[in-house]
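The next block holds one structure in the form of structure tokens; read it before the comments.
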Amino acid sequence: MRKKRIAVIGLGDFGIELVKRLYEDGQEVTAIDQDKNKIDRIREFSTYCVAIDSTDESELKEHGLDEMDAVVLAIGDNFENLIVTADSLKKIGAINIFARYQSDLNKRVLQMLGIENLFNPEEQAAHSMAEQLANSSVKGVTLLGQDYRILEATVPKQMQGKTVQGAKLREDWNLNLITVKRPKKNRRKSDRKDEEVLGIPSPNLVLSEGDILVLFGKVEDLEHMIGNR
């Protein structure tokens with residue numbers, strides 16, 4: 001599979017973490033910020049990094065932003081920079097622009113510019129934490145628009161010992177199983193990183209106590225399953 005070329009503009013805490021994750025995942029990551037000190041911090045965790053004015057169309061084009069598979073606007077503290085950079089990216093023909101917004105006003109202006117892929121990390125984190133605090137079986141949530149989400153939840157007791165096919169997630173709950181995370185033997189209880197991702201689940205995979213189901217579906221269907229444990 002070809003590595004994706006992804007640019008991240010704006011190296012605050014979120015932007016830096018995103019660059020590191022993408023780089024660790026094997027993607028070709030270009031990190032951009034006006035602050036040279038931030039560029040120095042991310043140098044060893046990116047494929048390419050450069051300190052430029054992201055509102056300058058010629059600078060963006062010179063560094064190949066119009067040829068990226070995706071560009072993430074992670075600017076969080078300068079509304080004017082965010083909007084002008086988004087407009088500049090549109091003008092040079094950049095595709096798959098993902099933009100961070102921090103208020104409804106940010107969101108509306110970005111939408112007016114034709115930016116469709118919008119995200120808010122704080123809102124995402126708050127939703128995920130609320131779900132986890134409200135229900136101990138929920139281990140993580142990813143919002144996908146208003147109606148859909150990806151949810152990680154411990155396997156319900158009534159599904160333990162059943163095969164994926166026998167659990168009837170699609171038939172009874174209208175949910176799609178993306179994968180299963182299974183704790184490795186002898187791991188420490190506090191160490192959730194020590195899990196094995198089982199890939200695309202076979203219909204014959206037997207679900208065990210402690211498994212975490214990674215599910216995709218509508219909000220109401222996911223809440224229905226979680227509420228009927």
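The values are calculated or read from the model by the stated rules, or taken from the named source; none is laboratory data. Values in this document were obtained by computation on a predicted structure and should not be read as measured data. Note that each Cβ is placed from the backbone with ideal geometry, even for glycine, and that neighbours are counted across all protein chains shown. For the accessible areas, the whole protein counts, side chains as well, though only heavy atoms, and no ligand, DNA or RNA atoms are used. Shrake-Rupley method; radii C 1.70, N 1.55, O 1.52, S 1.80 Å.
One table, with the values for the structure above:
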quantity	calculated
The chain - Debye-derived log10 I(q)/I(0), Cα point model, q = 0.08 Å⁻¹	-0.38
Helix 121-134 vs. the chain, principal-axis angle (Cα, 0 to 90°, nearest 10)	20 degrees
Sparsely packed trypsin sites (Lys or Arg not before Pro) within the stretch 1-76, loop by DSSP, other Cβ within 10 Å at most 11	Arg2
P(r) weight above 24 Å for the stretch 10-129, C-alpha pairs, percent	21 percent
For the stretch 24-78, accessible area per residue (1.4 Å probe, heavy atoms of protein chains only), Å²	53 Å²
Sum of side-chain charges, Asp172 neighbourhood, beta-carbon under 12 Å (Lys, Arg +1; Asp, Glu -1)	+1
Percent of Cα pairs exceeding the 20 Å cut-off, where the set is the stretch 52-105	16 percent
Computed FRET value (nearest 0.05) for Ser103 with Ser208, which takes r as the C-beta separation and R₀ as 41 Å	0.40
Crossing angle, helix 79-92 versus the chain [Cα axis fit, 0-90 degrees, rounded to tens]	80 degrees
Full-extension gain in nm, Ile200 to Asn174, via 0.36 nm per residue minus C-alpha separation	7.6 nm
Alpha-carbon centroids, the stretch 40-102 and the stretch 1-35: separation in whole Å	11 Å
Summed residue charge, Cβ within 15 Å of Ala51's Cβ, Lys/Arg positive, Asp/Glu negative	-3
